[in-house]
Amino acid sequence: MELNRTHRKNLAVFYFCCFLISYCWLFFNGWLFSQLRPVFFLNKLDLSLNLLFLTGIQSTLGKNHYLQLLLDIVYIVLPLLLVISVNRKAQVYMAILHSLFSLVYALLLSSFTPLSILGFAGWILLPLVLIFRSERGFYFSLNSMRYIFLLILISTGLWKIRAGGIFNPEEMSGILLKQHAAYLVHAPGDWFTNCINYLVIHQNLSYLLYLMVTLAELSFVIGFFTKRFDKVLMLVFLLFVLFNFLLMRINYFAWIAFLGCLRYAKYREPGSVKT
């Protein structure tokens, strides 16, 4: 079957559902602008953030609660409008607008909270899949984003080799201690603390987990040669996200939206089958 307009609509709906879950998580944890009411913003070695700060928007935002509320509302409205505009003329403009606004929102939010901009990567990149209205344009943008997603995961595995962590049996124990240092001090008798302490003491077991994660990340290289195992890679990624959330307390659930690229990449290029 060839990739068609229905698949594009379904992908947009899946994307919006993932975005809505992420937005609800921010809301119920009190991470939205209007809930936090930022007072100061921390500058970083980030060119895009520095250019944004040159506009002075951070000063205005810190003093205006209504602007904070407006940003939160626009942040959830734009992906909804994008879904509505799919397969229409406004699709291209909504995709670009949503991507740019998500970038600005993520840069500002990550500049005064512990949240990393990496958690917003899907909302910045995935709308770009919809900047082409033609079926063939959608096909190539979808597959390009699929390869970008695969490359990101592979690079994390390669970095573990480049940094030498994969050759250090104590690496995972050290990571666990650094990641959960505050929790270990404030909840010494908690079940999670006991689990972390157990893994830290049993370095071979923790290193085995580290090795398995590295191999899982490197396994995504298969996707560059065939799409036959995309369903398996989707399952591996879901386990990867679950592992990071349960053990590392890192929330990568927003990245699940990228799985839509793997899901629909199996369809053939429009016009490739001659009738």
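Things worth noting here:
- Each residue in region 211-249 was checked for being hydrophobic (A, V, I, L, M, F, W, C) and in contact (Cβ under 8 Å) with a residue 24 or more places away in the chain, and 15 pass.
- Candidates 61, 70: the one that is more than 18 Å from the chain's Cα centre (by Cα), surrounded by 15 or more Cβ atoms within 10 Å (Cβ to Cβ) and assigned to a helix (DSSP H, G or I) is 61.
- Total residues in region 11-54, condition at pLDDT 90 or above, assigned to a loop (DSSP other than H, G, I, E, B) and more than 28 Å from residue 91 (Cβ to Cβ): 4
- The residue that is farthest from the chain's Cα centre (by Cα), among those in region 228-275 that are surrounded by fewer than 16 Cβ atoms within 10 Å (Cβ to Cβ) and charged (D, E, K, R), is 274.
- Residue 7 farther than 27 Å from residue 271 by Cβ and assigned by TED's automatic domain parsing to the domain that holds residue 116: no
- Number of the exception - residue 150 against (1) closer than 12 Å to residue 210 by Cα; (2) touching a residue at least 60 places away in the same chain (Cβ under 8 Å): (1)
- Scan of region 38-57 for residues that are under 10 Å from residue 112 (Cβ atoms) and under 24 Å from the mean Cα position of the chain (by Cα), ordered by number: 38, 41, 42
- Scope region 203-221; condition surrounded by fewer than 17 Cβ atoms within 10 Å (Cβ to Cβ) and under 15 Å from residue 246 (Cβ atoms); matching residues: 209, 212
- Residue ID - surrounded by the most Cβ atoms within 10 Å (Cβ to Cβ), chosen from residues in region 3-35 that are more than 22 Å from the chain's Cα centre (by Cα) and more than 17 Å from residue 130 (Cα to Cα): 34
- Considering the conditions (1) closer than 22 Å to residue 237 by Cα; (2) not assigned by TED's automatic domain parsing to the domain that holds residue 263, residue 95 is excluded by exactly one of them, (1).
- Condition met for residue 77 (in the same structural domain as residue 23 (by TED's automatic domain parsing) and touching a helix residue (DSSP H, G or I) at 6+ places or on another chain (Cβ under 9 Å)): no
- Qualifying residue in region 166-189 (condition: under 29 Å from residue 262 (Cα atoms) and either touching a residue at least 12 places away in the same chain (Cβ under 8 Å) or not assigned by TED's automatic domain parsing to the domain that holds residue 269 (or both)): yes
- Pairs are defined by a Cβ separation below 7 Å, a sequence spacing of at least 6 or placement on different chains, a first member in region 66-81 that is farther than 17 Å from residue 127 by Cβ, and a second member that is among the small types (Gly, Ala, Ser); the pairs so defined are 68/34; 69/34; 72/34.
The values are calculated or read from the model by the stated rules, or taken from the named source; none is laboratory data. The structure presented is a predicted model; accordingly, all values stated were derived computationally and were not measured. In this analysis, Cβ positions are derived from the backbone assuming ideal geometry, glycine residues included, and neighbour counts consider all displayed protein chains.
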